[in-house]
1. So, R0 is 30 Å and r is the distance between the beta-carbons of M83 and D62; what FRET efficiency does that work out to, to 0.05?
2. Using amide H atoms built 1.01 Å from N in the peptide plane, name the residues 5+ places from I101, or on other chains, whose amide H lies under 5 Å from its own.
3. How much length would be gained if the chain were fully extended between K126 and L5, taking 0.36 nm per residue of separation minus their Cα-Cα distance, in nm to one decimal?
4. Report the label-to-label distance for A55 and H145 in nanometres (one decimal), using points 7 Å from each Cα along the Cα→Cβ vector.
5. Could you list which residues have their amide H under 5 Å from that of T23, counting only those 5 or more apart in sequence or on another chain, with H placed in the peptide plane?
6. Please list, in order along the range 26-36, the HN-Hα scalar couplings obtained from phi with the Karplus expression 6.51 cos²θ - 1.76 cosθ + 1.60 (θ = phi - 60°), rounded to whole Hz, x for Gly and Pro.
7. Using θ = phi - 60° and the Karplus form 6.51 cos²θ - 1.76 cosθ + 1.60, what ³J(HN,Hα) does each residue of the range 69-83 get, whole Hz, x for Gly and Pro?
8. Would you work out the charge dipole size for the range 29-100 about its Cα centre, treating the Cβ of every Lys and Arg as +1 and the Cβ of every Asp and Glu as -1, and quote it to the nearest 20 debye?
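Only the coordinates and a few stated rules stand behind these numbers; no lab work does. Remember, it's a predicted structure, so these values are computed and weren't measured experimentally. Positions of Cβ are generated from backbone atoms using ideal geometry, with glycine treated the same way; all protein chains shown enter the neighbour counts.
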Amino acid sequence: LSLALSQPFAREFANPRQMLPYTYASSALTPYPLRDRAFKAGAACGAAMINTRLADGTFLLDRAGKGFTLLLFARHAPDKALMAVLEAMRARDPDFTLITIAAHGAKLDEAIDDPGGAIARVHDAKAGAMILLRPDQHVAGRWKHPAPDEVRTTFTACLGRAA
């Protein structure tokens, strides 16, 4: 592909209109791909996450960790069931990152403010929606409503272990 920059014969091999990004929707790493039906936008299960510019000029994926990342669109702090799952994930993946996006102007500590809803629109997410990213920033799963047990199952499937 680097030859396409300087050699005309190689440019036809790097035609972006003829290349599609690979997704892992049919993989065991995405145990709930049918959840995609609830979404009208955003990256599907198994696809590379869509990056979003934040109000401060940085990008959403700049906040993702080296391990798994959970995006949580919220008006309130997570409930006990979700907190237990998050703690278990953090125990198994020390690089796990939780990114909370304040839905509808909610004021949450350490949350990304999304007052105009731009981030939510890109991902068709409302309060309660969750997107779990693998370390390679592909979507392992996404949910319109909190589903702590499914998040745990997806996370452990990605680790190659039983839930």
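1. Working: r = 25 Å, r/R0 = 0.84.
Rounded to the nearest 0.05, the efficiency is 0.75.
2. When sequence neighbours closer than 5 places are left aside, the close amide H contacts are L72, F73, A74, I112.
3. Numbers: separation 121, 0.36 × 121 = 43.56 nm, distance 4.24 nm.
Gain in length upon complete extension: 39.3 nm.
4. The answer from the label model is 3.0 nm.
5. none
6. Computed from phi, the couplings for the range 26-36 are 8, 8, 5, 6, 10, x, 10, x, 5, 5, 4 Hz.
7. 10, 10, 8, 10, 8, 9, 9, 9, 5, x, 6, 4, 4, 5, 4
8. Values: 10 positive and 7 negative charges, 43 e Å.
Rounded to the nearest 20 debye, it is 200 debye.
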